[in-house]
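Step one of this worksheet: look at the structure below.
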Amino acid sequence: MNTSSKLRVLITAGPTYEKIDPVRFIGNYSSGKMGIAITKECLKRNIEVELVLGPVSESLYNDIHSDLLHITHVESANEMYEACMNIYPKCNVAILSAAVADFTPEIVSDQKIKRKGEMTIHLIPTKDIAASLGKIKENRILVGFALETNDEEVNAIDKMKRKNFDFIVLNSLQDKGAGFRHDTNKITIIDKEKKTVFPLKTKTECASDIIDKMLQYC
């Protein structure tokens, strides 16, 4: 890829919400801070961004004003999947920092479910966004994230290979100050040749490290 050409980067950020009924959902603790930090770092470097954004606080991104930024708001994993499959072919790079639900309720009630004793919800797998983009990447770059609680490096490397990532950004819930909701993160960047372990940094600083790595492939 010619580094002098205009770069367009797809970034996913935030959680997804999988509806149970009109007022309840299955979600996760992702705040979207890491994805927004990566977005801001790209814009600072004059890189065009297609941001596919899950349900996050508007205060996270309402200070971004740039003609280089295009935001697609989504709620569910399926909506994020459809957006990514449509946008990625128009981009040079995808950075998948969103925390996408692996499962979603098979049946969604169109009315609020009333309390009637025990309740069982049958979950089915969501579409695998990373694997699907990995199958169509061709000469594009694909960057993944792994948030692990055990066997961190082994799981991250396995995920990188299965999803066809060029490199993966690993962080662990065992590292103090890393993971969801924090303004800091402690990342390890792993590619097919080596790993680079970074100390605890702000998510803004982590974003700079990630984009530096990305540009090595562009």
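The values are calculated or read from the model by the stated rules, or taken from the named source; none is laboratory data. Source: prediction; values computed, not measured. We place every Cβ from the backbone using ideal geometry, glycine too, and count neighbours over all the protein chains shown.
Tabulated data
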item	result
Whichever residue in segment 170-218 is of a type in the set (Lys, Arg) and either more than 21 Å from SER30 (Cα to Cα) or out of contact with any Asp or Glu (no Cβ under 7 Å at 6 or more places or on another chain) (or both) and, among such residues, is modelled with the highest pLDDT	LYS213
Residue list for segment 184-218, filter: part of a strand (DSSP E or B), within 28 Å of ASN46 (Cβ to Cβ) and not polar (S, T, N, Q)	ILE189, ILE190, ASP191, LYS201
Which listed residue is aliphatic (A, V, I, L, M), part of a helix (DSSP H, G or I) and surrounded by 17 or more Cβ atoms within 10 Å (Cβ to Cβ), from ILE11, ILE38, ILE20	ILE38
Test: residue in segment 183-200 that is surrounded by fewer than 17 Cβ atoms within 10 Å (Cβ to Cβ), closer than 30 Å to SER57 by Cβ, touching a helix residue (DSSP H, G or I) at 6+ places or on another chain (Cβ under 8 Å) and free of Cβ contacts under 8 Å to residues at least 24 places away in the same chain	yes
Residue that is farthest from the chain's Cα centre (by Cα) [pool: residues in segment 52-99 that are aromatic (Phe, Trp, Tyr) and closer than 24 Å to ASP166 by Cα]	TYR88
Qualifying residue in segment 120-139 (condition: part of a loop (DSSP other than H, G, I, E, B) and of a type in the set (Gly, Ala, Ser))	no
Number of the exception - ALA83 against (1) farther than 25 Å from ILE190 by Cβ; (2) surrounded by fewer than 19 Cβ atoms within 10 Å (Cβ to Cβ)	(2)
Pairs where the first residue, in segment 164-177, is acidic (Asp, Glu) and the second is part of a strand (DSSP E or B), C-beta under 7 Å, 6+ apart	ASP166/ILE141; ASP166/LEU142; ASP166/VAL143; ASP166/ASP191
Scan of segment 93-149 for residues that are among the polar types (S, T, N, Q), closer than 29 Å to ILE187 by Cα and surrounded by fewer than 11 Cβ atoms within 10 Å (Cβ to Cβ), ordered by number	ASN139, THR149
Residue count, segment 65-80 (criterion: surrounded by 19 or more Cβ atoms within 10 Å (Cβ to Cβ) and part of a loop (DSSP other than H, G, I, E, B))	2
Residues of segment 156-182 satisfying the condition of being under 18 Å from the mean Cα position of the chain (by Cα), more than 21 Å from VAL93 (Cβ to Cβ) and surrounded by fewer than 15 Cβ atoms within 10 Å (Cβ to Cβ)	ASP158, LEU173, ARG181
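For (1) closer than 23 Å to LEU170 by Cβ; (2) of a type in the set (A, V, I, L, M); (3) free of Cβ contacts under 8 Å to residues at least 12 places away in the same chain, each residue gets a yes or a no:
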position: ARG115; (1), (2), (3): no, no, yes
position: THR126; (1), (2), (3): yes, no, no
position: LEU133; (1), (2), (3): yes, yes, no
position: LEU142; (1), (2), (3): yes, yes, no
position: GLU148; (1), (2), (3): yes, no, no
position: GLU153; (1), (2), (3): yes, no, no
position: ALA156; (1), (2), (3): yes, yes, no
